[in-house]
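The structure appears below as structure tokens.
The values are calculated or read from the model by the stated rules, or taken from the named source; none is laboratory data. Keep in mind that this is a model prediction, so the values were computed, not measured. Here the Cβ is made from the backbone with ideal geometry for all residues, glycine too, and neighbour counts use every protein chain on show. Ligands, DNA and RNA are stripped out before the accessible areas are found, and what is left, the full protein with its side chains, is counted by its heavy atoms. Shrake-Rupley method; radii C 1.70, N 1.55, O 1.52, S 1.80 Å.
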Amino acid sequence: MKGLHLQPTAKYPPRHELGRVCDPERLDYSMLKKWIACCEESHDFCTASALSTHLGPTTPVKYIDLEQSCLVAFSTAPRYAALSYVWGRVPTLMTMQNNLEELSQPGAFTKKPDQIPRTIRDAMFLTRELGIRYLWVDALCIVQDDFEIKHDHLRGMPSIYSLAVFTLAITNGPNANSGIPGLGLDPIPRSVPSVITLPTKSVTVFSSLHHKRLKYLTRMGFSSRPIWSTRAWTMQEQLFSRRTLLLSDNLAAWLCPSTQYLEEVERPSESHEWARMEGFKPDQRYDLALPRDLRLKGLGKLVVEYNQRELSFEEDVGDAFLGIASLNEAIFGPLHWGVPEAFFDLGMCWLPSPALRPRQPTNPDRKVPSWSWMGWYGSLDLKLWDVFQDHILENFGDSNRVPFLGFDMYIEPLVTYYKTCLTCSKQYPISNSYHHSRRWAETFSRTGSENGGLELPEEWTRHPSPSTWLDTLPSSYYTRDSEPEEARTLYRYPLLKVPSEPSPEHTCPSPIFDTTLSFRAQRLFLTISISSSCKIEKESKNERVLVEADTLDGEGVRIGSVGVVDDLAGSGNMNVRVLKGCEFIAISRGRCPARKEGGERWAGTWVVGREHPFRTDVDASEERLYEWINVLWVERRDDIAYRKGLGRVWRQDWERMVDALVEEEREVDVVLG
């Protein structure tokens with residue numbers, strides 16, 4: 001029978017897998033205990049892989065004491081499990097400032113069984129059955145109406161989930177009342193593989209689909225995933241957990257960096273002796289991984305995944321990302337609404353997909369920024385994050401390979417961005433420091449001495465370039481000492497923590513930043529033209545399309561392009577449509593070679609797996625360099641500008657048109673919401 005296998009349940013020879021008969025009524029606690037013990041005692045890598053414990057909350061963490069049935073607080077983590085589940089929109093008992101003292105009294109939770117959602121009650125029961133005294137549950141272990149404590153603990157999620165013995169993930173429950181199948185006196189029935197009884201034994205009908213089911217957590221399309229793996233809040237829990245016990249209405253599974261266990265398949269590695277013999281394997285938790293170097297591609301991969309996950313309240317987009325942001329800040333420095341401040345010019349250059357839409361907060365007092373990817377829901381195109389970064393010398397993981405510069409993009413800032421603290425009402429410049437680092441390295445390369453007294457940061461080491469490198473490559477390169485020696489990335493320049501200008505000392509104990517950016521920028525009003533000659537991108541099952549529309553000057557001459565998500569084009573109406581008087585503001589400028597090293601056009605050339613992103617304009621250029629201005633198309637409401645799209649304009653055309661304006665009209669103050 002295609003796709004089905006009969007797996008014997010008799011004693012197996014080493015390294016062979018067997019089908020395991022599963023009880024449709026009850027979960028086998030002894031099997032789960034064996035998985036936990038085997039991982040803790042035999043997987044050295046899993047035991048040592050706790051993430052960033054120094055990034056934990058600065059205040060004591062509360063846990064549910066399952067013996068005393070109340071909340072307790074510890075400064076040092078006890079042995080505990082953490083719960084990951086989908087809240088949904090159901091009433092649930094939450095710890096608030098006015099009931100914290102009550103819930104900290106022994107027996108508090110036994111007095112409120114009807115107020116505790118079934119999923120949390122079942123998790124408390126299971127954790128106790130598995131011999132673990134303490135359980136961490138966000139609704140009860142974070143004081144929900146204490147902003148400082150809540151913000152502190154949301155940023156500390158990497159520590160909270162990585163220090164847990166395991167995370168109990170309820171994958172198919174649509175809300176907190178769904179419960180956990182197979183537990184308690186009145187268990188919710190489970191769907192398990194069929195069993196065939198033979199004269200001498202029982203065998204499990206084992207589908208190959210079951211064997212692939214863990215891949216649905218990240219590798220499959222969102223429509224194929226369990227509910228838990230489509231939610232934004234659970235992404236950080238999936239990312240930070242050392243070990244995850246996954247429970248659904250079907251079967252249990254175990255996921256850790258070293259291995260996977262499936263309830264319906266008995267593996268030799270479930271025993272200690274065989275687990276130690278298997279040796280280390282690549283991380284078995286699939287695609288979600290934290291960046292380990294300063295490639296924006298790593299952060300971008302997390303952003304793309306996160307932005308397609310759902311939120312019950314879309315204004316929570318920043319809060320649900322705080323834990324992920326805190327770990328990435330250790331690598332990239334501060335993130336402002338999901339954009340690295342050190343690479344702010346690059347971070348502003350995200351592109352939409354046809355399915356992208358503005359987020360729709362339910363609370364009008366909680367806004368999201370249109371300029372950040374966080375202000376939008378759906379798939380993103382972050383290819384420019386990758387091709388614009390010029391600090392990477394790409395050698396594709398081979399230290400002996402001559403590095404590759406790709407399209408050799410060079411981006412420069414045109415504005416200084418300011419963020420506003422709502423607590424102290426002061427404005428603080430965003431560092432955008434990538435270009436300071438590049439200029440420092442360029443000066444060092446020419447003079448052999450540091451510029452302006454700046455010293456090389458301690459974690460960076462400078463190396464002379466090998467004689468085998470091409471003349472177009474720099475004469476020296478840099479590495480980060482914190483990266484594994486066998487997999488260190490080569491950098492064109494080190495990243496210095498240099499502010500764009502002196503910044504006032506921020507003394508707020510709990511800074512809260514507004515969604516707006518303030519800056520002064522050049523502005524032009526241009527025409528947008530959409531026609532059948534424009535490049536169109538369409539996604540299946542989506543009537544909207546992404547159009548690379550033309551931008552025209554006052555004479556109707558094409559001077560650039562802008563990405564437009566369009567409904568009319570998706571319905572087949574691709575007659576020429578013109579939008580006049582569209583406001584554009586300049587945010588940065590860039591340049592790249594208009595020809596390959598041999599002088600030929602880029603044409604269909606692919607570099608690092610992609611076509612030149614500006615192929616049409618680059619190939620049309622007759623100059624040695626293609627130079628452009630990165631611009632935002634904005635619309636204004638109540639004197640606040642809101643992002644509608646990202647575009648680019650030929651630099652000579654932009655500067656020509658700006659120079660034609662009277663001086664007081666060339667630049668404007670912008671508040672970008």
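Screening THR92 with (1) touching a strand residue (DSSP E or B) at 6+ places or on another chain (Cβ under 8 Å); (2) more than 29 Å from THR259 (Cβ to Cβ) gives one miss only, at (1). Scanning segment 647-673 for residues that are farther than 23 Å from SER561 by Cβ, of a type in the set (Gly, Ala, Ser) and in a strand (DSSP E or B) yields no hits at all.
Scan segment 114-142 for residues that are open to solvent by less than 10 Å² (accessible area, probe 1.4 Å) and either part of a loop (DSSP other than H, G, I, E, B) or among the aliphatic types (A, V, I, L, M) (or both) and the total you get is 11. Note on segment 144-160: residues that are touching a Lys or Arg at 6+ places or on another chain (Cβ under 8 Å) and open to solvent by less than 10 Å² (accessible area, probe 1.4 Å) total 0. In this entry, LEU51 is excluded by the filter for residues that are at pLDDT 95 or above and either open to solvent by 40 Å² or more (accessible area, probe 1.4 Å) or not β-branched (Val, Ile, Thr) (or both). Cβ-Cβ distances below 9 Å connect the following pairs, each with a first residue in segment 400-412 that is under 15 Å from ALA594 (Cα atoms), a second residue that is surrounded by 15 or more Cβ atoms within 10 Å (Cβ to Cβ) and among the β-branched types (Val, Ile, Thr), and a separation of six or more residues or different chains: GLY406/VAL387; GLY406/ILE392; GLY406/VAL607; PHE407/VAL387; PHE407/VAL607; PHE407/VAL618; MET409/VAL387.
Table: residues versus (1) open to solvent by 60 Å² or more (accessible area, probe 1.4 Å); (2) hydrophobic (A, V, I, L, M, F, W, C); (3) modelled with pLDDT under 85.
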{"residue": "ILE196", "(1), (2), (3)": "yes, yes, yes"}
{"residue": "HIS211", "(1), (2), (3)": "yes, no, yes"}
{"residue": "TYR216", "(1), (2), (3)": "no, no, yes"}
{"residue": "ARG219", "(1), (2), (3)": "yes, no, yes"}
{"residue": "THR234", "(1), (2), (3)": "no, no, no"}
{"residue": "GLU237", "(1), (2), (3)": "no, no, no"}
{"residue": "ARG242", "(1), (2), (3)": "no, no, no"}
{"residue": "LEU247", "(1), (2), (3)": "no, yes, no"}
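Selection of segment 359-371 for residues being out of contact with any helix residue (DSSP H, G or I) (no Cβ under 7 Å at 6 or more places or on another chain) and either among the hydrophobic types (A, V, I, L, M, F, W, C) or in contact (Cβ under 8 Å) with a residue 60 or more places away in the chain (or both) yields LYS367, SER370, TRP371.
Entry remark, segment 617-654: residues being out of contact with any strand residue (DSSP E or B) (no Cβ under 8 Å at 6 or more places or on another chain) and either open to solvent by 70 Å² or more (accessible area, probe 1.4 Å) or at pLDDT 95 or above (or both) number 4 in total.
Go through segment 101-131 and give me each residue that's among the aliphatic types (A, V, I, L, M) and within 33 Å of the chain's Cα centre (by Cα). Break it down stepwise before answering.
Our first condition is that a residue be among the aliphatic types (A, V, I, L, M); within segment 101-131, this holds for 103, 108, 116, 120, 123-124, 126, 130.
The answer is ILE116, ILE120, ALA123, MET124, LEU126, LEU130.
Could you please find all residues in segment 509-553 being modelled with pLDDT of 75 or more and surrounded by fewer than 12 Cβ atoms within 10 Å (Cβ to Cβ)? Listed by number, the residues that qualify are PHE525, SER533.
When each of LEU290, LEU311, LEU299 is tested for being modelled with pLDDT under 80 and in contact with a Phe, Trp or Tyr (Cβ under 9 Å, 6 or more places away or on another chain), the lone residue that passes is LEU290. Residues in segment 98-113 include at least one that is assigned to a helix (DSSP H, G or I), open to solvent by 40 Å² or more (accessible area, probe 1.4 Å), over 27 Å from PRO181 (Cβ atoms) and not acidic (Asp, Glu).
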